[in-house]
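These notes are about the structure you will find just below.
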Amino acid sequence: MGLLDDLKKQADAVKAQDVDKTESLRTTAVQTDHALRRAFLYLNDLGKQLNVVQMPSTFTFELPTVGKIENLVIRDFFCDFRSKHFIDKDYYGEVHVAYRCFSENVITVKKGPDDMEKFRDLLWQSNVEHKSEQFRNERKVITHEVFKVKCDFRVQAKIDGDHEGGKLKISTKNVGGFNVDFYNLLSAEMNDQAVEEFAKHFIGRPNQFEEIAKRSVLVRRPVAAPPPAQDRHAQLRGAEGRPGARADGRKAQPPGLDQVLHQERLAGPRARPSCSASSSSRHARASSPCDPAPTADIGRSRAPGSTARS
């Protein structure tokens, strides 16, 4: 029964971990669902009002060789959402919102063989409605193409929810011009203020949405770069002239015992210091502890007046 009890304990531990993980994921999913629901309800109500008012747009669109296109009106505002099944139920998965910056003007643009492909690609990528006609010469060679561009530009955005990670990915197109932008926020950061600022940003009113997106914890902060090479060399050159500084700019350390002994061995034996009292008493030097030790002959005493044997 010991083996069976151990397996039961392991199985209960695994089940408890799965339950905790599921509850954590469900909490994150609910938070993301509330953020998407909040955004949809606000934008959907905003669209209903704009379709009645038809407010002028502040956006300016610019086409190459055409110039700026202004004085457009917001119309046909549309907002919708898509559901997403996660774990065991359906949640708000993504929100789509779009409208048209419209004017009844039609712009005629003439492009040569070198520019007409680039201009056509720009119109297709920006979802700009247009018609074109190619003209050929007597040899059936295309000489130019005439584009008739409607001043009807579609502005759109998508808010996609990551229910497992608790994140929102916001992509916008043609907001303020022919461009595409991406923003990343945590679901908890998409509160009522963030939703309102995004709505202002989307229709071209003064807002702080980009500042909110920059303050998100998902935005990578720039890392301080090392000093340029020229500044580093100048620093080293300046350190060479300072006392107690090394060539690499660091403070010089006192030499160790091994370095001192090595320098003494390289310098060789040093001269013994003189123990004389002064230069005036050189002829009558007194015995001092600094004198050399006596030799063996000094131990033999001689009588006064005796002479050395030959």
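Read-outs: derived from the displayed coordinates by stated rules, not from any lab. No experiment lies behind these values; they were computed from the predicted model shown. Cβ sites come from the backbone with ideal geometry, for glycine too, and all protein chains shown count toward neighbours.
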Considering residues that are closer than 25 Å to residue 203 by Cβ and not in a strand (DSSP E or B), the number found within region 81-123 is 2
In region 155-200, what count of residues is obtained for those that are assigned to a strand (DSSP E or B), within 24 Å of the chain's Cα centre (by Cα) and not basic (Lys, Arg)? 15
